[in-house]
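Input: a single structure, listed below in C-alpha cells.
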Amino acid sequence: MVALAVPDLDNPYVAELATHVISAAGRRDWTVLVDQTQGDPARERLVVGDIRSNLIDGLLFSPLALSEPIEVRVPYRLTPRESSPYGEFPAMRDARPFPL
C-alpha cells in the first residue's frame, strides 16, 4: 500500500494528482491510502512518523506546514515543486527512492 498525503483535496491540482496516482497504482495492483493533512504540522508529522510507517510501503507527500527537516521512515517522493501551487518544500531526509 502506498500513501498520498496532500493538504486538501478541494484544490484542482491535488484532485488531478490523486486521480493519476490512483490510476497508476491500480495498474500495479497497489492500494492507495489518501490522507488530507489540511496543512497541519501535527498531521504531516503523523504521516511520515512511526505510526503510519508500519502500514505503508511508500509515500507521495505534499507537505505544506513542515519547516524543519524530518526523517522519513519509508521510501517517499515529494510532489513536483514546479507544478505545485504550494511553493517550496522543507528538507526531508531519506536515502531510499520510491519508484513510480
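Give me the pairs, please: first residue somewhere in segment 33-48 and surrounded by 15 or more Cβ atoms within 10 Å (Cβ to Cβ), second residue anywhere and in a loop (DSSP other than H, G, I, E, B) and acidic (Asp, Glu), beta-carbon distance under 8 Å, and either six or more positions apart or on two chains.
Gln36/Asp8; Gly39/Asp8
Could you check segment 50-100 and list, in sequence order, the residues that are small (Gly, Ala, Ser) and modelled with pLDDT of 75 or more?
Going through segment 50-100, the residues small (Gly, Ala, Ser) turn out to be 53, 58, 62, 65, 67, 83-84, 87, 91, 95.
The answer is Gly58, Ser62, Ala65.
For the subset of segment 1-36 comprising residues that are among the polar types (S, T, N, Q) and at pLDDT 90 or above, which member is nearest to Val74 (Cα to Cα)? I'd like the intermediate steps shown before the answer.
So in segment 1-36, the residues among the polar types (S, T, N, Q) come out as 11, 19, 23, 31, 36.
Next, from what is left, pick out any that are at pLDDT 90 or above: 19, 23, 31, 36.
Details: Thr19: 22, Ser23: 21, Thr31: 16, Gln36: 18 Å.
Among residues in segment 1-36 that are among the polar types (S, T, N, Q) and at pLDDT 90 or above, the one nearest to Val74 (Cα to Cα) is Thr31.
Given (1) basic (Lys, Arg); (2) over 22 Å from Asp8 (Cβ atoms); (3) modelled with pLDDT of 85 or more, identify the lone condition not met by Arg43.
With respect to (1) basic (Lys, Arg); (2) over 22 Å from Asp8 (Cβ atoms); (3) modelled with pLDDT of 85 or more, Arg43 is out only on (2).
What are the pairs, 6+ residues apart or on separate chains, where a residue within segment 1-12 that is under 14 Å from Asp40 (Cα atoms) has its Cβ under 9 Å from a residue that is of a type in the set (Phe, Trp, Tyr) and assigned to a strand (DSSP E or B)?
Matching pairs, first to second residue: Ala5/Phe61; Val6/Phe61.
Looking at segment 15-25, can you tell me whether even one residue there is on the phi < 0 side of the Ramachandran plot, polar (S, T, N, Q) and either touching a Cys at 6+ places or on another chain (Cβ under 7 Å) or crowded, with 16+ Cβ neighbours inside 10 Å (or both)? Even if it seems obvious, please write down each step before you answer.
Residues of segment 15-25 that are on the phi < 0 side of the Ramachandran plot, as a first pass: 15-25.
When the remaining residues are screened for being polar (S, T, N, Q), the result is 19, 23.
Checking the rest, the ones that are also either touching a Cys at 6+ places or on another chain (Cβ under 7 Å) or crowded, with 16+ Cβ neighbours inside 10 Å (or both) come to none.
No.
The values are calculated or read from the model by the stated rules, or taken from the named source; none is laboratory data. Here the structure is a predicted model, which is why all the values come from computation and not from measurement. Every residue, glycine as well, gets a Cβ built from its backbone with ideal geometry; the counts of neighbours run over all protein chains shown.
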